[in-house]
Amino acid sequence: MVTDRRYKLLADFEKVCQFLDDNYNLETLNSYLLRPFFEYAHTHPYFNHQSTPRFGLWEDGGKLVGLACYEMDLGECFLSVREGYDHLLYDMLEYVEKELVAISDDKRILSVWITDKEKVKSQLLRKKGYKKVYTEPITIFSYDKDFVEVDLLEGYSLYSLKEENDIKKIHACLWKGFDHGPDPDDDHEGRLFMQSGPNFRKDLTMIIKAPNGDYACYAGMWFDDQNKYAYTEPLATVPEHRGKGLATIALIEAMKKTKELGAKYCFGGVPDFYKSIGFETICFREEWKKKLD
């Protein structure tokens, strides 16, 4: 008999991660709810840890068969079920409409993320009054292809975090690289926390140091040993160092390391940059949204 309960972050984190690994397939991508995606979110400074007891777990004889969660905060969600448990999706949607909504202008709002390959989910969402409001490509680089080769400009140097790991410089690089402005705040503890995930790999995460000693580019890389894929997160270049091939160099080096570990392909991001170095769209990620009041 299937039973449901709330998520306990400390007790259930690894159980959920293993469920995501076991539930992975390249066809539907499980709404793009990948283990590295879930783990990275849990270590992000913007992640709402306090509301994680609102996540729902469905179990059959103690085996996890369903998960309802958000990425960063209330107002968005993912619905994941094991093969053969699609019949749970209706009740799971009813659950998240009570537990994971956000309030905006006194209206209860919820977005559900799926891929365009998940026809059962899209049919359910359409039936329940959700509208598709956003679509973005999901891209991969197959390791059957040759890597792009770019020469590192004189004065710049490439390291893994295992070789050099200055938290303040990383924070400044990512702050500026994601266009938050020229003056980083002082949340260095939050940046250190991002290296606390059980599968965070310093040896796979690359930085490029500028001639003045600052970090110019950061390429985070994750490796799923069970399913043999790599996952890029985050990737950023400081504005004044863009256009020099730094992101390509750092990312390619990280991908080469995961290929040596047995990865068959790497997930990338949305910007045209990924397409320019050989990433290809394999499906689309969709946001379905509804005002519940």
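The values are calculated or read from the model by the stated rules, or taken from the named source; none is laboratory data. Note that the coordinates shown come from a computational prediction; the quantities given were computed from them, not determined experimentally. Because the Cβ atoms are built from the backbone with ideal geometry, glycine has one as well, and the counts that use them run over all protein chains shown.
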Exercise for review: Determine whether MET1 is within 14 Å of the chain's Cα centre (by Cα) and surrounded by fewer than 20 Cβ atoms within 10 Å (Cβ to Cβ).
Suggested key: no
Practice item. Report yes if ASP12 is in a strand (DSSP E or B) and touching a residue at least 40 places away in the same chain (Cβ under 8 Å), otherwise no. Key: no
Revision key, fill the gap. When the range 154-168 is checked residue by residue, the ones that are of a type outside the set (A, V, I, L, M, F, W, C) and surrounded by fewer than 19 Cβ atoms within 10 Å (Cβ to Cβ) are GLU154, GLY155, TYR156, SER157, TYR159, LYS162, GLU163, GLU164, ASN165, ASP166, LYS168
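Those residues that are buried (at least 19 other Cβ atoms within 10 Å of the Cβ) and either within 23 Å of ARG35 (Cβ to Cβ) or among the aromatic types (Phe, Trp, Tyr) (or both), I need them from the range 171-190; list them, please.
So the first thing to find is which residues in the range 171-190 are buried (at least 19 other Cβ atoms within 10 Å of the Cβ), and the list is 171-177.
Answer for the range 171-190, where residues must be buried (at least 19 other Cβ atoms within 10 Å of the Cβ) and either within 23 Å of ARG35 (Cβ to Cβ) or among the aromatic types (Phe, Trp, Tyr) (or both): LEU174, TRP175.
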Point to revise | the range 45-58 residues that are closer than 20 Å to SER196 by Cβ, paired with ones that are surrounded by 13 or more Cβ atoms within 10 Å (Cβ to Cβ) and hydroxyl-bearing (Ser, Thr, Tyr) (beta carbon under 6 Å, 6 or more apart) | key: THR52/TYR7; PHE55/TYR7
Point to revise | So GLU71, is it assigned by TED's automatic domain parsing to the domain that holds TYR46, part of a loop (DSSP other than H, G, I, E, B), modelled with pLDDT of 95 or more and surrounded by fewer than 21 Cβ atoms within 10 Å (Cβ to Cβ) | key: yes
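Name the residue that is farthest from ARG285 (Cα to Cα), counting only residues in the range 123-156 that are among the acidic types (Asp, Glu) and at pLDDT 95 or above. If you could, list the steps in order and put the result at the bottom.
The initial filter retains those residues of the range 123-156 that are among the acidic types (Asp, Glu), namely 136, 144, 146, 149, 151, 154.
Filter once more, keeping what is at pLDDT 95 or above: 136, 144, 146, 151, 154.
Numbers: GLU136: 5, ASP144: 24, ASP146: 27, ASP151: 34, GLU154: 39 Å.
The selected residue is GLU154.
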Revision key, fill the gap. Taking the range 133-153 and keeping residues of a type outside the set (Val, Ile, Thr), loosely packed, with under 15 Cβ neighbours inside 10 Å and under 24 Å from the mean Cα position of the chain (by Cα) leaves TYR134, GLU136, SER142, ASP144, LYS145
